[in-house]
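**Q** Okay, here's the structure, questions in a sec.
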Amino acid sequence: MKTAEAKKTVVKPKVNILIIKAVIFSLIAFFVSDAQVMGSLSPFGLALTAAVPIRMSYVSFIGCLAGYLVRGKFFESLSYIAALILVLAVKQLMRPYRKLRDNMLVLSVMTGAISLVSGIIISVATDQSGTFLFLKVLEAALAAAMTLFCRLSYKSIFSGKPIHMYDMAESASCIIVGIMTVIALSGVEWYGNSLGRILSIFLILGAAYCGGIGGCATISIAAAIAMALYSPELAITGGIYVVAGFIAAVFRPAGKIGQVAVFISANIFGLFVVKADSSAIYSLLDVLIGTTAFMLVPEKMLKRVKFPTKEVQPVDVTAGQTGISAKLGFASKTLLDLQESIENVSRKMNDISAHNIATVYDKTAEHICKRCGLKMFCWETSYSEAMDAFNHAGKILRNDGKVTRERMPIFFQQKCCKLDDLVIDLNHNYQDFLAKENANRRVSDVRNVAIEQFNGIADMLCEVSNELAEIQHFDRAAQGKVKEVFERFAELPKEVSCMLDKYGRMCIEAYFDTPFHTNLNIIAEALSDALKRDFEIPSKAAVNGEEKLSFFEKANYRLEFYAAQQNAIGGQVCGDCYEYFLDGKGFAHMILSDGMGTGTRAAVDSVMTCNLFLKLIKAGFGFESALKLLNSSLFMKSSDESLATLDIGCVDLYTGKMELMKAGAAASFVYHKGVVQKIDCKSLPVGILQGIHFDRTGITLEDGDIVVMVSDGVLETGEDWVEAEMELYYDKSARDLASYLCREAQRRRIDGHSDDITVMISKIKKAG
């Protein structure tokens, strides 16, 4: 009895494990059987069945079959079912030959060949076009590749090897299989929520907690690729997940709660800025469900997971600084490469799926003419006349939107015995054609926005990398003195950093959980005394109740700035918006935006443009990356056209070097060494097209030079008068000159029209 019981205790767990594996593989097969990429390619169920051992292959076959039956796609999936049966048959024949059945290359080639043969048979049997056959060839290649990845992933997972011991091929295979799983689960939705997106969020947070920045970057980019492959419209959501995951990984020291909090916050900001519609609510619900699932996982379990990447030990910040900079630079190049890959795939798929109005004729002829007794006359004896008549009907459709019996070409009126049916079918097929054109245009817009988001994130990572590379030293002693100064004024910073650049200039950044109340002049003087350096009044940035103060040493120059505005006649608000601030690196920034038209609508666009750009720059984004993110945000803000100009002036107060950057903005004027120079712009405003860039102009300013930035309302009566007035009144203060030019621009409008007017004056002076 004891022996029998002992045998049972040994056998029972093995049986249980086998049953659990069978259930898991059947469920995976059930979902992946319907996973599609490029709109129609679905070889994942076939690849999974071929990759796993023979016993699990039968389980996988049952799961795939159940998937086709439950979704009501049994007859549409007959080619896949036939291929699955062939795979099972070949694997059964190879069962006695161990080397053959376990060879990954053999399994991969077998799957690709079976997929290709079944595709060719279906193509010939149903008289499909060359494009359909080409897609089947692509599907066969994808089936072969996925078989290889599934087999390698299976061996890695069930080998008992820890994740951090996986080599590059094993890690890559698991990631690709994960992408396949997310694609499959993205189609599982209830009440607008997607199981694929929820799984992506769970995995990203898990990677951020267990693997830090490196592990999170890998998983979040893979999730973004999966969502983009499932639907181009989800590419933007994937991009938001990448950024939110990166921020959550940075907050790894804050623990699970801190990471989840910043991840949710980043998603709320991204979803409502980029999407700002009802779908953002469902996306946010996905985030909440995914984060809740992550919070339910015990920390003990999470700590057992180790990623291949190693964290930089926080012993000395400067020791790992170069490595972090290089990693960020490499991540930037990876995103740019991803962007290029998406663009290349999109171009090729557009070429494959390209259609024109000739498809309307083809479908109509296939439906009406194929069953007509006169088809030999029309399509052989009078083929040229029939095609000319269809082309003429196409012109009528383009012009009028439909054809009638009376407007049909003479050839059809005289020869066609099914004229009424022909007219109805032409109109119906033309409406389908227009709907496809509109859908393709929308998908293209969304894809371009996603590409621009990837580009913007890549630029941001590159800029952060360059900024880290420029930091020569973190002064720990100065950091302690700064904390003592703040504590003396009862201000308790949660984080302080004192950085020295390659020129020996110090920059201090201090972060506070609560609003900062001490007078900024007083705190700047106190820090100057404590560190024996002269600091300027700090710049302040606030987000959700938290504040950041940035101090920089006094520069060689200072700017005297003033702006004057005048509403359009009858306008309640000004359609222009401007901002001016000093950052923590000794740069002065002037920002001017002019919304389209005048009044409230123009004001909304200009204020949004100005404020978003200001927040991005203060957060540390570079100009080009901020422009790309701003452009895609405006482009997706609403269905109505929404655009605004952007005019940026950036002056290095240490060297006097200034860069003017314009996106559709009016000309600016620089008074330099007694001569006025006009700086014009040929670029487009933001919010109108993807891929816009700044027109950049650089100049080195000296003591007494003047920069005049204006909205187009100032230049409606010409530009020469502005140059003349600057040469005449160059010695006026910034306030007086701005007010005078604003009044003069208003006075010169004698044509009965009116526009909003903004004049920004910056006079550079030697620091006293």
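The values are calculated or read from the model by the stated rules, or taken from the named source; none is laboratory data. Quantities reported herein were computed from a predicted structural model and do not represent experimental measurements. All Cβ positions, even for glycine, are placed from backbone atoms using ideal geometry, and neighbour counts span all protein chains on display.
**Q** Check 211, 245 and return the single one that is in contact with a Ser or Thr (Cβ under 7 Å, 6 or more places away or on another chain) and modelled with pLDDT of 80 or more.
**A** That would be 245, the only listed residue that is in contact with a Ser or Thr (Cβ under 7 Å, 6 or more places away or on another chain) and modelled with pLDDT of 80 or more.
**Q** Does any residue in the range 185-208 that is closer than 14 Å to residue 256 by Cα come within less than 6 Å, Cβ to Cβ, of a residue that is at pLDDT below 75 six or more places away or on a different chain, and which pairs are these?
**A** Filtered contacts from the range 185-208: 207/215.
**Q** Looking only at the range 667-690, count every residue that is more than 20 Å from residue 716 (Cβ to Cβ) and in a strand (DSSP E or B) and tell me the total.
**A** The qualifying residues number 6.
**Q** Could you tell me which numbered condition residue 625 fails, if it satisfies all but one of (1) at pLDDT 80 or above; (2) within 29 Å of residue 494 (Cα to Cα)?
**A** (1)
**Q** From (1) touching a residue at least 24 places away in the same chain (Cβ under 8 Å); (2) under 17 Å from residue 25 (Cα atoms), pick out the condition that doesn't hold for residue 156.
**A** (1)
**Q** Kindly indicate the residue of the range 133-185 that is acidic (Asp, Glu) and assigned to a helix (DSSP H, G or I) and also modelled with the lowest pLDDT among those meeting that condition.
**A** Going through the qualifying residues, I end up with 170.
**Q** Ok, one more. Of all residues in the range 552-586, how many are more than 14 Å from residue 535 (Cβ to Cβ), out of contact with any Phe, Trp or Tyr (no Cβ under 7 Å at 6 or more places or on another chain) and in a strand (DSSP E or B)?
**A** Residues flagged as more than 14 Å from residue 535 (Cβ to Cβ), out of contact with any Phe, Trp or Tyr (no Cβ under 7 Å at 6 or more places or on another chain) and in a strand (DSSP E or B) within the range 552-586 amount to 12.
**Q** Please state which one of 698, 713 is touching a residue at least 40 places away in the same chain (Cβ under 8 Å), touching an Asp or Glu at 6+ places or on another chain (Cβ under 6 Å) and surrounded by fewer than 22 Cβ atoms within 10 Å (Cβ to Cβ).
**A** 698
**Q** Looking at the structure I just gave you, is residue 600 under 20 Å from residue 713 (Cα atoms) and surrounded by fewer than 17 Cβ atoms within 10 Å (Cβ to Cβ)?
**A** yes
**Q** Answer yes or no as to whether residue 719 is without any contact (Cβ under 8 Å) to a residue 40 or more places away in the chain, out of contact with any Leu (no Cβ under 7 Å at 6 or more places or on another chain) and within 28 Å of residue 609 (Cα to Cα).
**A** Here the answer is no, as residue 719 does not meet what is asked.
**Q** Output the residue which, of all residues in the range 720-735 that are of a type in the set (Asp, Glu) and in contact with a strand residue (DSSP E or B) (Cβ under 7 Å, 6 or more places away or on another chain), is farthest from residue 667 (Cα to Cα).
**A** Applying the filter and picking the extreme gives 727.
**Q** Does residue 70 satisfy the condition of being buried (at least 20 other Cβ atoms within 10 Å of the Cβ) and either over 39 Å from the mean Cα position of the chain (by Cα) or not small (Gly, Ala, Ser) (or both)?
**A** Considered against the rule, which asks whether it is buried (at least 20 other Cβ atoms within 10 Å of the Cβ) and either over 39 Å from the mean Cα position of the chain (by Cα) or not small (Gly, Ala, Ser) (or both), residue 70 comes out as no.
**Q** While we're on this one: Search the range 355-374 for residues being within 17 Å of residue 394 (Cα to Cα) and part of a loop (DSSP other than H, G, I, E, B), and hand back the single one that is modelled with the lowest pLDDT.
**A** 355
**Q** With respect to residue 762, determine if the residue is hydroxyl-bearing (Ser, Thr, Tyr), under 21 Å from residue 651 (Cβ atoms) and in the same structural domain as residue 648 (by TED's automatic domain parsing).
**A** The answer is yes for residue 762.
**Q** Tell me the residue from 725, 719, 702, 659 that is charged (D, E, K, R) and in contact with a helix residue (DSSP H, G or I) (Cβ under 7 Å, 6 or more places away or on another chain), please.
**A** Answer to the selection: 725.
**Q** Among the residues of the range 564-581, is any within 30 Å of residue 488 (Cα to Cα) and either modelled with pLDDT under 85 or under 29 Å from the mean Cα position of the chain (by Cα) (or both)?
**A** Yes: one or more hits.
**Q** Which of the residues belonging to the range 709-756 are of a type in the set (Val, Ile, Thr) and within 15 Å of residue 678 (Cβ to Cβ)?
**A** Of everything in the range 709-756, those that are of a type in the set (Val, Ile, Thr) and within 15 Å of residue 678 (Cβ to Cβ) turn out to be 710, 714, 722.
**Q** Across the range 707-748, what is the number of residues that are at negative phi and not in a helix (DSSP H, G or I)?
**A** The qualifying residues number 18.
**Q** So which residues in the range 550-569 are under 18 Å from residue 594 (Cα atoms), touching a helix residue (DSSP H, G or I) at 6+ places or on another chain (Cβ under 8 Å) and buried (at least 19 other Cβ atoms within 10 Å of the Cβ), if there are any at all?
**A** 563, 564, 566, 568 - these are the residues of the range 550-569 that are under 18 Å from residue 594 (Cα atoms), touching a helix residue (DSSP H, G or I) at 6+ places or on another chain (Cβ under 8 Å) and buried (at least 19 other Cβ atoms within 10 Å of the Cβ).
**Q** Next question, about the same structure. Go through the range 55-64 and give me each residue that's of a type outside the set (Val, Ile, Thr) and over 36 Å from the mean Cα position of the chain (by Cα).
**A** 55, 56, 57, 58, 61 - these are the residues of the range 55-64 that are of a type outside the set (Val, Ile, Thr) and over 36 Å from the mean Cα position of the chain (by Cα).
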